[in-house]
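Just so it is clear, none of the values below were taken in a lab; they were calculated from the coordinates. Remember, it's a predicted structure, so these values are computed and weren't measured experimentally. Quick reminder, even Gly has a Cβ in these numbers, built from the backbone with ideal geometry, and neighbours come from all protein chains shown.
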Amino acid sequence: MNIIITPLGTVAPYSKDNKNCSGYLIEYDGFKYLFDCGNGVTRLMNFPNDLINLRIFLSHLHPDHYGDLSALAQTALVYKRLGYINDKIEIYAPDKDKRDESIYFPPTNPYNHDDWGEYKTITKPSIDFEYLKNFEQDYPIIINGYQNLDYINNDLKIKSLQVPHQISAYAFRIDTNVGSIVYSGDTGFCKKIIAFAQNCDIFICESTFLKGQIRLENTHLYAHEAAMIAKEANVKQLILTHFWPELDKNLYLKEAKEIFENTEVAEEGKKLILRR
Ligand SMILES: [Zn+2]
Ligand SMILES: [Zn+2]
């Protein structure tokens with residue numbers, strides 16, 4: 001038995017030429033697991049076959065990670081009508097948006113001068129999740145909300161880890177009898193992802209920035225930071241992803257390789273195979 005990983009999309013936040021936004025298809029034990037479904041991802045999928053036994057896991061609800069889900073839902077509907085698929089496609093997406101916002105609550109009694117009102121941090125429901133949830137009405141899909149994913153299918157297990165990003169965002173760890181894969185999704189630099197990725201076989205990690213580029217907040221990684229995480233986590237191989245569409249991927253590769261030698265850049269359609 002082996003695990004086949006096909007990068008379907010490696011750039012953000014828009015697709016260009018033959019490069020698509022985020023998406024990784026993992027095939028194992030007769031099932032297909034799609035991690036993120038960014039714009040352009042369906043271009044590299046094989047329909048109707050890839051709709052059969054398919055599960056989709058969205059790391060977060062930024063459009064470059066779920067933009068092609070509507071195309072996929074419609075495709076599923078058409079192939080269901082034609083009799084190619086029977087089952088609904090299971091999709092897992094974060095349902096709460098921890099987009100914390102400070103809201104000013106005015107004093108209850110404006111004549112009480114001890115009370116100036118106060119700022120409170122609130123957690124908003126995810127508008128994007130509700131948008132996707134509506135798809136269930138018309139398309140053969142089921143949208144499951146998660147905040148702490150613990151998915152099991154035979155010997156395959158998927159766990160999530162919340163990571164720093166503008167909205168609720170998660171990394172995934174996929175463990176099987178054949179090997180383990182960690183996919184970072186979009187993340188800022190944090191120690192907990194080092195523990196999460198510990199000793200995995202393949203670490204697919206975002207590297208949005210290059211040294212010298214200005215990062216306003218810790219919501220994405222530099223290529224060398226991805227390499228630092230890979231080294232500290234003692235992973236076997238680092239696959240960089242989430243590149244700026246206009247830039248040469250070799251720039252990211254060079255920066256990461258200075259820290260972690262066994263690094264490659266993800267290329268659309270270039271499969272990675274794990275065997276045991
Ligand atoms: Zn994002
Ligand atoms: Zn992104």
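What net charge do the residues around residue 150 carry, taking every other residue with its C-beta under 9 Å from that of residue 150, with Lys and Arg at +1 and Asp and Glu at -1? Summing Lys and Arg as +1 and Asp and Glu as -1 gives +2. Partners of residue 191 within straight-line reach, counting aspartates and glutamates whose Cα lies under 12 Å from its Cα and excluding those fewer than 8 residues away in the same chain: 225, 232.
Dividing the mean sequence gap of close Cα pairs (under 8 Å, 6+ apart) by how many residues segment 2-275 holds gives a relative contact order of 17 percent. Note that segment 84-95 has calculated 3J(HN,Hα) couplings of 7, 10, 10, 7, 6, 8, 7, 10, 10, 9, x, 9 Hz, one per residue in order, obtained from phi through the Karplus relation 6.51 cos²θ - 1.76 cosθ + 1.60 (θ = phi - 60°); glycine and proline are x.
Pairs of Lys residues in segment 209-276 are counted when their Cα atoms are under 19 angstrom apart and they lie 8 or more places apart or on different chains; the count is 13.
Using the Cβ-Cβ distance between residue 267 and residue 118 with R0 set to 35 Å, the FRET efficiency works out to roughly 0.10.
Using the Karplus curve 6.51 cos²θ - 1.76 cosθ + 1.60 with θ = phi - 60°, what ³J(HN,Hα) values do you get for each residue of segment 165-173, in whole Hz, with x for Gly and Pro? Running phi through 6.51 cos²θ - 1.76 cosθ + 1.60 with θ = phi - 60° gives 7, 5, 10, 4, 9, 9, 9, 10, 10 Hz.
Quick one: among 87, 128, 138, which has the greatest mean-square fluctuation in a GNM of the chain with alpha-carbon springs under 10 angstrom? Of the options given, 138 has the highest mean-square fluctuation. Within the shell defined by Cβ-Cβ distances under 15 Å, the residues around residue 267 carry a net charge of +2, with Lys and Arg each +1 and Asp and Glu each -1. Highest-first packing order for the peptide set 234-241, 55-62, 108-115, 202-209 is 202-209, 55-62, 234-241, 108-115, based on the mean count of other beta carbon atoms within 10 Å.
For residue 265, the residues whose modelled amide H falls within less than 5 Å of its own, excluding neighbours fewer than 5 places apart on the same chain, are 240. If R0 is 25 Å, what FRET efficiency do you get for residue 43 and residue 88 from their C-beta distance, rounded to 0.05? Rounded to the nearest 0.05, the efficiency is 0.60.
Helices meeting the span-like rule in the chain (full DSSP H runs, Cα extent of at least 20 Å along the helix axis, mean Kyte-Doolittle score of -0.5 or higher) are absent. Evaluating 6.51 cos²θ - 1.76 cosθ + 1.60 at θ = phi - 60° for every residue in segment 14-24, the Karplus couplings come out as 9, 7, 8, 6, 9, 9, 10, 6, 3, x, 9 Hz, glycine and proline recorded as x.
Database remark: amide H of residue 209 closer than 5 angstrom to the amide H of 221, 222, 223 (H placed geometrically; neighbours at sequence offset of 5 or more, or on other chains; Pro and chain starts carry no H). Taking every alpha-carbon pair under 8 Å whose residues sit at least 6 apart, segment 169-276 reaches a relative contact order of 25 percent. Once the Cα-Cα distance is subtracted from the 0.36 nm per residue extended length, the residue 96 to residue 53 segment shows a gain of 12.8 nm.
D by Stokes-Einstein for the chain, Kirkwood Rh over Cα pairs, 20 °C, 1.002 mPa s: 110 µm²/s.
With 0.36 nm allotted per residue and the present C-alpha distance subtracted, the residue 276-residue 191 stretch has 27.6 nm of extension available. Taking a spot 7 Å from the Cα of residue 154 along the direction of its beta carbon, which residues of segment 22-66 have an amide N less than 20 Å from it? 25-35, 49-57, by backbone N distance to the label point.
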